[in-house]
Amino acid sequence: MLDSLLTAATTTTDLTLTTSLLTIFVAIVLGGLISFTYMKTNPSGYSQNFTLTMVLLPVIVAIIILLIGSNIARAFSLAGAFSIIRFRSAPGDPKDIAYVLFTMAAGLACGTGYFGYAVLFTIILCGMMFVLNRFKFGVSKKLQKTLKVTIPENLAYDEAFAEVFNQFNVQYDLKKIRTTELGSLYELVYLVTMNQVTNQKEFLDAIRCRNGNLDLSLTMSPTAAEAY
C-alpha cells in the first residue's frame, strides 16, 4: 500500500494541465520547506537571494523535466541551450552547494512524477538537518583567525610574541613577513588557532604592549588569500 501511494503519480505519461499544476505546486511547497530549513539552521545569517532561489529552483527543474519528457531531441536541444550559460561566481560554502543539489533533486523527483518519494526524501533530509544543527554536529571548539601585527625594525620577529601566544594557549604559524613605511616597519601575518573561551581583548592588549602600540588586526573569518 505504501509503495502504491509513493508511485501512484508516476503512471501518467502524458503532459496535462492538471499534472503540470500539481507538479508546480508540489515543487513550490518542497522548495519552501527546504528554504525554511536552511534559514532555521543558519543562525549566523543568510542571503535573501539564496533563500528565494531555493524556492524557485525545484520548480524550474521540474518544469524542465516536464517539457523534456522522454523526447531525446528535446534533451539534446536543452543541453545545447544551457551550454551557453557561464557561471562566473566564486565557489560557495559547501553547505550552500549541498542545499542547491537538494533542491534540484526535489525538483527532479517532482518533474518525473515521483511526488510521494519527493515529499518523503525532503522531510527526511530536512529533519536530519534540524537534528544535526540542534546537536551542533561538527562544530569546532577552536577558532582559526588571521593576525596581522606591525612591529618596529629593531624588534626580532622570530620569537617576538611567542611568550604571549603561550600565555593565552594560542597556536600560531608565521605565514608572511613584509616591510612597510620604506622599510622602517615590519608587518607579520600569523595564522592563529585559539579556544572560544580565550579573552581576545586581553590577548590583543598583550600584543600591543609588545609591538609598541602599532597597528594590528585580527580577522574573524580568514581566507587563504589573507593567510598567505
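Restricting the range 128-202 to trypsin sites (Lys or Arg not before Pro) that sit in a DSSP loop and have at most 14 other Cβ atoms within 10 Å of their own Cβ leaves LYS136, LYS141. A Förster distance of 30 Å, applied to the separation of the beta-carbon atoms of LEU204 and MET39, puts the FRET efficiency at 0.35.
Taking GluC sites (Glu not before Pro) across the range 162-201, the ones in a DSSP loop with at most 12 further Cβ atoms lying within 10 angstrom of their Cβ are GLU181. Put the Cα centre of the range 113-150 next to the Cα centre of the range 156-222 and the gap is 33 Å.
Quick note: the coordinates plus some simple rules give every number you see, no bench work behind them. Here the structure is a predicted model, which means the values were calculated and not measured. All Cβ positions, even for glycine, are placed from backbone atoms using ideal geometry, and neighbour counts span all protein chains on display.
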